[in-house]
Amino acid sequence: NELLLREALRGRSREGVVLSVKFGLMRGPDGAIVGNDLRPAAVRNFLAYTFRRLGTDHVDVYRPGRVLPGDPPIEETAGAVADLVSAGYVRHLGPVSYTHLT
């Protein structure tokens, strides 16, 4: 989807667009979901790849796609996003979705 957005945004003013991006979900080569990673280092890594795919230098809203049991404490993930906000790469931390396994 980010590659499609890159094409849609080509030639437009970036300041006229609000980009909201989810992060954390990991997929295998076949596209199957293989896990979730909300560690601070992973948060930064996901954003680096998002920038490459979108062709931008910041996003407006950055949020975990889901929080699963066993993920790091949300405070650690939010702290990593806060660091990205301070650095100017992210404008706002978005809402968190919790997934409960039954």
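Under the rule of at least 5 residues apart or a separate chain, name every residue whose amide H is placed under 5 Å from the amide H of residue 67.
Sorted by chain and number, the residues that satisfy this are 97, 98, 99.
Rolling a 1.4 angstrom probe over the protein heavy atoms, how many square angstrom per residue are accessible across the stretch 26-100?
57
If we count trypsin sites (Lys or Arg not before Pro) as exposed when they sit in a DSSP loop and have at most 16 other beta carbons within 10 Å, what is the longest stretch of the chain that avoids them all?
Here the longest run is 13-65.
Determine the share of the chain's accessible area contributed by carbon and sulfur atoms, expressed in whole percent, with a 1.4 angstrom probe.
Reported share for carbon and sulfur atoms: 54 percent.
Could you give the spread of the C-alpha atoms of the chain along their three principal axes, from largest to smallest, in whole angstroms?
The principal-axis extents, from largest down, are 46, 35, 21 Å.
Is the stretch 1-57 best put as rounded, prolate or oblate by its Cα gyration tensor, with a ≥ b ≥ c the root eigenvalues, rounded for a/c under 1.5, and otherwise prolate when a/b is larger than b/c, oblate when not?
prolate
The values are calculated or read from the model by the stated rules, or taken from the named source; none is laboratory data. Since the structure is predicted, the reported quantities are computational estimates derived from the model, not experimental observations. When we count neighbours, we look across all protein chains shown, and the Cβ atoms used for this are built from the backbone with ideal geometry, even at glycine. Ligands, DNA and RNA are stripped out before the accessible areas are found, and what is left, the full protein with its side chains, is counted by its heavy atoms. Shrake-Rupley method; radii C 1.70, N 1.55, O 1.52, S 1.80 Å.
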